[in-house]
Amino acid sequence: MAADYPDIDIAPFIDHSLLTPTATPEQVEQWCEEAYRFNFAAVCLFPANVKQAVELLHGKNPKVCTVIGFPSGATTSAVKLYEAQEAADSGATELDVVINLGWLKAGKTEEVHREIAEICEETGQTVKVILETNLLTDAEKKIAAEIAMEAGAAFLKTSTGWNGGATVADVRLLQELAKERVGIKASGGIHTINQALDLIVAGATRLGTSRGMDLIRQRDNLGKGE
């Protein structure tokens, strides 16, 4: 329960996500203003919105994050690399990259590694590798996590949110595998302050959620005894 973790400020953990295909420039501006006002870690947007967000957050703390190969991970390596390079050139400093799940399940580990490593090396930006844990066995999660870390990922991310969300069990597993070498981003289905805090205590160092403002309101209501 949230009351068990009274000293955790969730705001600096939040990647304030706007990953709906109908996102408008006005919504991008709103998300950036909220991220700055509440000291969120980042805004996470589609690549087409990166330039606007970079301009709005110039000189401010929240980072601009975007998604690569989202949500399937099944675009070609060349397309992912181009998308990542263009995003970095536009000012994004964090890239959430979906792995090729078909390759992983087929045992094509070298291909998975090469794809991630190229993006890490060519962009020089913070790469969070989306494992889509709900579609993997525990054995596959371990393989995927090791590949991502060896390839240069800065974070292991649980999910896109399109195929289920983050669980405490998965965050704990990734935290055990990471051994503090990389960050852990829990993403998808985080609707309540209790969920958010449980994931942080389990080892999450970032929370990807479109409900950042709901979580802040819930946090503030706790202080009012509600």
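The values are calculated or read from the model by the stated rules, or taken from the named source; none is laboratory data. The shown structure was predicted, so the numbers you read here are calculated from the model rather than taken from an experiment. Here the Cβ positions follow ideal geometry from the backbone for every residue, glycine too, while neighbour counts run over all protein chains shown. Accessible surface is based on the protein model in full, side chains and every heavy atom, while ligands, DNA and RNA are left aside. Shrake-Rupley method; radii C 1.70, N 1.55, O 1.52, S 1.80 Å.
Here are the numbers for the structure shown:
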quantity: Long-range neighbours under 6 Å by Cβ, at least six apart or interchain, first residue of a type outside the set (Val, Ile, Thr) within region 13-28, second open to solvent by 60 Å² or more (accessible area, probe 1.4 Å) and part of a loop (DSSP other than H, G, I, E, B); calculated: Ser17/Ser210
quantity: Residue selected from region 111-155 under the condition of a type in the set (Lys, Arg) and open to solvent by 60 Å² or more (accessible area, probe 1.4 Å), by the criterion farthest from Ile99 (Cα to Cα); calculated: Lys142
quantity: Selected residue (only one of Lys128, Lys105, Lys157 is basic (Lys, Arg) and farther than 20 Å from Lys63 by Cα); calculated: Lys105
quantity: Subset of region 182-226 (residues that are under 23 Å from Thr160 (Cβ atoms) and either of a type in the set (Lys, Arg) or in contact with a Pro (Cβ under 6 Å, 6 or more places away or on another chain) (or both)); calculated: Lys185, Arg206, Arg211
quantity: Flag for Val50 being among the aliphatic types (A, V, I, L, M), in contact with a Phe, Trp or Tyr (Cβ under 9 Å, 6 or more places away or on another chain) and in contact (Cβ under 8 Å) with a residue 40 or more places away in the chain; calculated: no
quantity: Residue that is most open to solvent (accessible area, probe 1.4 Å), among those in region 156-174 that are charged (D, E, K, R) and assigned to a helix (DSSP H, G or I); calculated: Arg172
quantity: From the options Ala53, Ala35, Ala106, residue that is over 19 Å from Ala154 (Cβ atoms) and surrounded by fewer than 17 Cβ atoms within 10 Å (Cβ to Cβ); calculated: Ala106
quantity: Complete set of residues in region 205-219 that are open to solvent by 50 Å² or more (accessible area, probe 1.4 Å) and under 17 Å from the mean Cα position of the chain (by Cα); calculated: Thr205, Ser210, Arg211
quantity: Residue among Ala48, Ala3, Ala53 that is modelled with pLDDT under 95 and either in a helix (DSSP H, G or I) or among the charged types (D, E, K, R) (or both); calculated: Ala3
quantity: Options Val28, Val64: the member that is part of a helix (DSSP H, G or I), open to solvent by less than 20 Å² (accessible area, probe 1.4 Å) and in contact with a strand residue (DSSP E or B) (Cβ under 9 Å, 6 or more places away or on another chain); calculated: Val28
quantity: When residues of region 73-96 are limited to those that are touching a helix residue (DSSP H, G or I) at 6+ places or on another chain (Cβ under 6 Å) and farther than 22 Å from Gln52 by Cα, the one surrounded by the most Cβ atoms within 10 Å (Cβ to Cβ); calculated: Gly73
quantity: Members of region 6-25 found to be touching a Lys or Arg at 6+ places or on another chain (Cβ under 9 Å) and open to solvent by less than 10 Å² (accessible area, probe 1.4 Å), listed by number; calculated: Ile10, Ala11, Ile14, Asp15
